[in-house]
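The block underneath contains the structure these notes are about, expressed in structure tokens.
The values are calculated or read from the model by the stated rules, or taken from the named source; none is laboratory data. Bear in mind that the values here come from a model prediction, so they are computed numbers and not experimental data. Reconstructed Cβ throughout: ideal geometry from the backbone, glycine too, with neighbour counts over all protein chains shown. Areas reflect the complete protein model, heavy atoms only, side chains present, ligands, DNA and RNA absent. Shrake-Rupley method; radii C 1.70, N 1.55, O 1.52, S 1.80 Å.
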Amino acid sequence: MEWLMSELQTEMCKLKKIYCEKYQLFEAEDIVKQYFFLLVKRLQTHGVRSYLIYKTAQYIANQQQRQLSADEQQTVKQLAFIAEAIITIQYLHNQIIDKKAKVTDNAAIRKNIIASNVLRELLFDYITTMQFIDKNNKKKIEKTVGKIFLLVDMGQSMELNYGHYSAFKKNSFSAITDSSINHLFDDYFGDFELVMVTLLSNVPQEHHIFLQLYFRRIFLTNVALCILLTEINCTLLKEANSNVSRFAVIYGFLFQIVNDVADIIPIEGKETIGKNENDVFSDLKNQNITLPLFWHLLKAPRRLVYRYLENPVRNQYIVEYFQKEILLELRDSGAIDICIQIGRDLAKIAGNLLNPNNPATLFLKDLLTIGYWNIYYKKIHKNYGTKQI
């Protein structure tokens, strides 16, 4: 992973070069401050999506009983960089939408909007410069990247309209429409079906559609990137039937569910690329009903979480001064335990999809360990205790 981090830094230099040659409005030393500030920060960490892209390519080559050629390694490295650039652009948007990382005043919001727009345009320029890929495949990559951006925006729209507490409370949705977006979801839903059936069996009928819409929106905002770039890998490596595509789907769902749990667990002094320690309970503050909040509202009496959601303006003090009590409430309702168990079930399903004799399997399974144990689960186990850990 350290080698990949170094290689991604090289690709970022190429992106900066494109800007300097085509669009430069600032001195070279100022472009990081203006546009690249979050990308620089991101590439100083271990990016799981870039690692997923790289290791799935190795897995495919191993299945074909060969090694990646030097040209293929370069191509995969470029795809991994594209994944990190996409995520960075998404984070620039999410910091605005979710009011994270102190992006709340007009100056910070404008800076993020401008940086995201510039990086997006530079990313498409970067794709045209990719080596060892013919014109048709470059077009496929461009189309895929554009589709990922579109699906993420649609997912954000779904969150606003169908994921808010008011939607949960109203609980009156139209039936899920027969659209191309939902066909896209259903095409990749197979391995998730057993988990979904189990979940719905424990959820009152009137909340089934809300839960289904939750998984559809996290498919759009998170899973789609994993699967669509993995399928580009399959296309470029001429692999028609690889379980890594199915693995990528389950991993995408797992990663988002872990993130939903992480959002409700404070880690003092712990910052990630998208948020800082003050962003705990961001979903609750924004009345965004994620999986742990969904389960809690089904199971718990009307205590702190309910009181806040009913009137977030009047009850702002609850999320400011009663964070420990909120976490204990979520623990006592069983919501955290349920989400941890769902993540572990998904990790097991994903791991079983891979060929145990493939040398890359061990590395891909390492990505699944977050579903079993991570710093957030360690924190809640140490300080608050749960049944599942």
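What to note about this one:
- Peptides 326-334, 307-315, ordered by how many other C-beta atoms sit within 10 Å of their residues on average, highest first, read 326-334, 307-315.
- With a Förster radius of 35 Å applied to the beta-carbon distance between LEU200 and TYR317, the computed FRET efficiency rounds to 0.45.
- Just the protein heavy atoms count here, and of the accessible area of the chain at 1.4 Å, carbon and sulfur take up 51 percent.
- Förster radius 35 Å - calculated FRET efficiency between ILE109 and ASN161 (Cβ-Cβ, nearest 0.05): 0.95
- Within the chain, helices built from complete DSSP H runs that reach 20 Å or longer along their own axis (Cα positions) and carry a mean Kyte-Doolittle hydropathy of 0.5 or higher are 244-262, 335-352.
- Taking the helices alone, the chain has a mean residue ellipticity at 222 nm of -21000 deg cm²/dmol, built from -39,500 (n - 2.57) per DSSP H run of at least 4 residues and averaged over all its residues.
- Relative contact order (percent, whole number), the chain, Cα cutoff 8 Å, 6+ residue spacing: 19 percent
- Only Lys, Arg (+1) and Asp, Glu (-1) charged, at Cβ; the chain dipole about Cα centre in debye: 360 debye
- Using the 1.4 Å probe convention, the accessible area of the chain works out to 46 Å² per residue with neighbouring protein chains retained.
- Within a Gaussian network of the chain (alpha carbon springs, distance under 10 Å), most fluctuating of CYS339, CYS20, CYS226: CYS20
- Stokes-Einstein D for region 1-127, Kirkwood Rh over Cα pairs, 10 °C, 1.306 mPa s (µm²/s): 102 µm²/s
- The chain - Rg over Rh from alpha carbon coordinates, Kirkwood radius: 0.96
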